[in-house]
1. Counting only protein chains, not ligands or nucleic acids, how are Arg95, Arg119, Arg78 ordered by accessible area (probe 1.4 Å), most first?
2. Given labels modelled 7 Å from the Cα in the Cβ direction, how far is it in nm from Asp121 to Ser108?
3. Within the stretch 62-92, what residues put their amide N at less than 18 Å from the label point 7 Å along the Cα-to-Cβ vector of Ala50?
4. Taking 0.36 nm per residue of sequence separation and subtracting the Cα-Cα distance, how much length would be gained by fully extending the chain between Asn65 and Ala41, in nm to one decimal?
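The values are calculated or read from the model by the stated rules, or taken from the named source; none is laboratory data. In this text, all values refer to a predicted model and were calculated from it rather than measured experimentally. No Cβ is skipped: glycine too gets one built from the backbone with ideal geometry, and neighbour counts run over all protein chains shown. The accessibility values were calculated without ligands, DNA or RNA, using every heavy atom of the protein model including side chains. Shrake-Rupley method; radii C 1.70, N 1.55, O 1.52, S 1.80 Å.
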Amino acid sequence: GGAFSNVCQDPSPTWVANDHPVAAVQVQFHPLGAPLGNIAASTCPGSGKACSGNACCPGIPETGNETFPCPSADPTYRACGVDWASCSGSTDRCRGNQCCPGPPASPSATFPCPLADPRFDLCATRR
């Protein structure tokens with residue numbers, strides 16, 4: 001497999017993914033619709049289904065049609081079919097409201113993770 005994307009840096013403590021115990025990563029998750037740290041209303045990408053906090057969204061092609069965490073889920077929430085999606089054009093993995101690296105020709109042209117809330121707009125480019 002790939003590695004979690006480290007494009008979005010965050011000064012908060014790192015967390016280690018259960019499925020990648022040697023790869024400590026720093027990512028910044030941005031719940032939409034409420035201040036950081038609060039459970040926020042989000043929208044599941046692909047289905048448009050409303051979700052909030054620690055809940056699973058219906059599967060999409062980028063997750064092999066397996067359920068995945070709501071964009072506003074806690075970064076350590078692991079009750080869905082998969083915990084991450086692949087960033088297109090790279091071997092990086094991402095989760096929720098996170099940016100994927102841009103293509104090799106322009107790596108700063110970051111774009112939202114396939115699992116990001118459709119309203120997430122903190123990357124250099126939109127989907």
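1. Working: Arg95 10, Arg119 120, Arg78 65 Å².
Solvent-accessible surface, decreasing: Arg119, Arg78, Arg95.
2. Roughly 2.2 nm, to one decimal.
3. Zone members listed by number: 70-73.
4. Details: separation 24, 0.36 × 24 = 8.64 nm, distance 2.24 nm.
Length gained, Asn65 through Ala41: 6.4 nm.
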